[in-house]
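Below is one structure, written out as structure tokens; the observations come after it.
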Amino acid sequence: MRNDHVSIVEVGPRDGLQNEKTIIASEDKIKLVNLLSDCGFDTIEVTSFVSPKWVPQLADASVVMSGISRHPRISYAVLTPNLKGYTQAKESNASEVAIFAAASETFSQNNINCSIDESLVRFGRVMDAARVDQVPVRGYISCVVDCPYEGKVLPSAVCSVATRLLDMGCYEISLGDTTGNGTPQSIGTMLDCVIEHISVDKLAGHYHDTNHRTLENIDISLEKGLRRFDSSIGGIGGCPYAPGARGNVATSDVVRFLHDKNISTGIDLDKLSLALQFVHSLFEQNSAN
Ligand code: HMG
Ligand code: MG
């Protein structure tokens, strides 16, 4: 395969822990990020500066950001839904921030309490501040093929939001199969439409594993030319506003899948297994409590 390197964005500490019923102690979140920092990722999504009323699991975002040991090579990313979140992210020295829009109106309302158009106005304010501070901004789009409230989502809706986010200055768009109902057919059709308008090197795949089809979805995305994917250590997580959705593709699964295809990732599977053991011990502890 040409371009035989894929970059993995580890989103477990954010996408994974945001959806856990029990609250994980800040020191354990910090330990997890530190273990992940040894594995070879170039980007780790650490937490979110969102309303603690909406996502209480990540209310300790500042504590976690100030507690982690940073490797100069790694970008420590956080989610910011508005200027308030951005200001806190900046104070916490986030290396980059992510704004998160949706291709479905109902999901947008449920997730961030506003329409898609309103969200883009809010994100515009984040972009303006980030531009001044020279903080890179990644853009997420949720529900790229399927919405938990509206069902099937049209590729043209994804393409429209992606174009607007890139025009605003996002350096990359992460395409979220939020429900995990995507198939190689629906993901492939969506990508064909988006790639007509947007260069493939600006796109990443963020696929949830509800129906255990993420590796097939990554495979078709590789065929279409994508070389960046999000994954979650141990496959933990989901979105609190996408009921029933499972976590992202498990990091070790996607790394093995790519290495088997002779595609490099830079990820050290032995070090990853230490982080994985720690995640398992966290959930064993919590289910025993
Ligand atoms: P709202 O209630 O409309 O906000 O929520 P508001 O501006 O009216 O403010 C209400 C209260 O929230 C105020 O506090 C604000 O100060 C506070 P009060 O006066 O009531 O005490 N507030 C904040 N506090 C801390 N940090 C902030 C912040 N903003 C306002 N940044 C809001 C709107 C966007 C804040 C809310 O809906 C929210 O936080 N939503 C986040 C939901 C979320 O995190 N979802 C999961 C992440 S997205 C995801 O998982 C999908 C993804 O993985 C891709 C995929 O899989 O598809 C990315
Ligand atoms: Mg997600």
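The values are calculated or read from the model by the stated rules, or taken from the named source; none is laboratory data. Model, not experiment: these values are computed from the prediction. Neighbour counts run over all protein chains shown; Cβ positions are idealised from the backbone, glycine included. Heads up: the accessible areas ignore ligands, DNA and RNA and are worked out on the full protein's heavy atoms, side chains in. Shrake-Rupley method; radii C 1.70, N 1.55, O 1.52, S 1.80 Å.
Numerical summary
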read-out	value
Surface/4 of the Cα convex hull for the range 202-275, nm²	5.5
Candidates GLY235, GLY176, GLY225: whichever shows maximal mean-square fluctuation once the chain is modelled as a Gaussian network with Cα springs under 10 Å	GLY225
Probe 1.4 Å - accessible area at ARG122, Å² to nearest ten	70
Ellipticity estimate at 222 nm from DSSP helix runs (n ≥ 4, -39,500 (n - 2.57)) divided over the chain, nearest 500	-13000 deg cm²/dmol
Euclidean distance of C-alpha centroids, the range 231-246 and the range 52-125, integer Å	17
Cys residues of the chain counted as unpaired, since no other Cys beta-carbon is under 4.7 Å	CYS39, CYS114, CYS159, CYS170, CYS193, CYS239
Residue order for CYS193, CYS170 - accessible surface, 1.4 angstrom probe, largest first	CYS193, CYS170
Pairs from LYS84/LYS224; LYS29/LYS84; LYS29/LYS261 whose Cα-Cα separation, in the structure shown, is over 26 Å	LYS84/LYS224; LYS29/LYS261
Cα→Cβ-extended label distance, 7 Å offset, between VAL121 and THR87, nm	1.9
Size descriptor, Kirkwood hydrodynamic radius, that averages inverse alpha-carbon separations across the chain, Å	18.6
The range 1-55: trypsin sites (Lys or Arg not before Pro) in DSSP loop, at most 12 other beta carbons within 10 Å	ARG2, LYS21, LYS53
Pairwise label distance in nanometres, ARG256 with THR106, each label 7 Å out on the Cα-Cβ vector	3.7
Amide N proximity, the range 244-285 versus ASP38 label position 7 Å along Cα-to-Cβ, cut-off under 18 Å	252, 266-282
Heavy-atom accessible area ranking, 1.4 Å probe, most first, across ASP38, ASP260	ASP260, ASP38
Pairwise FRET efficiency - THR183 versus SER66, Cβ, R0 = 41 Å, nearest 0.05	0.45
Surface accessible to a 1.4 Å probe, LYS90 within the full protein complex, Å²	90
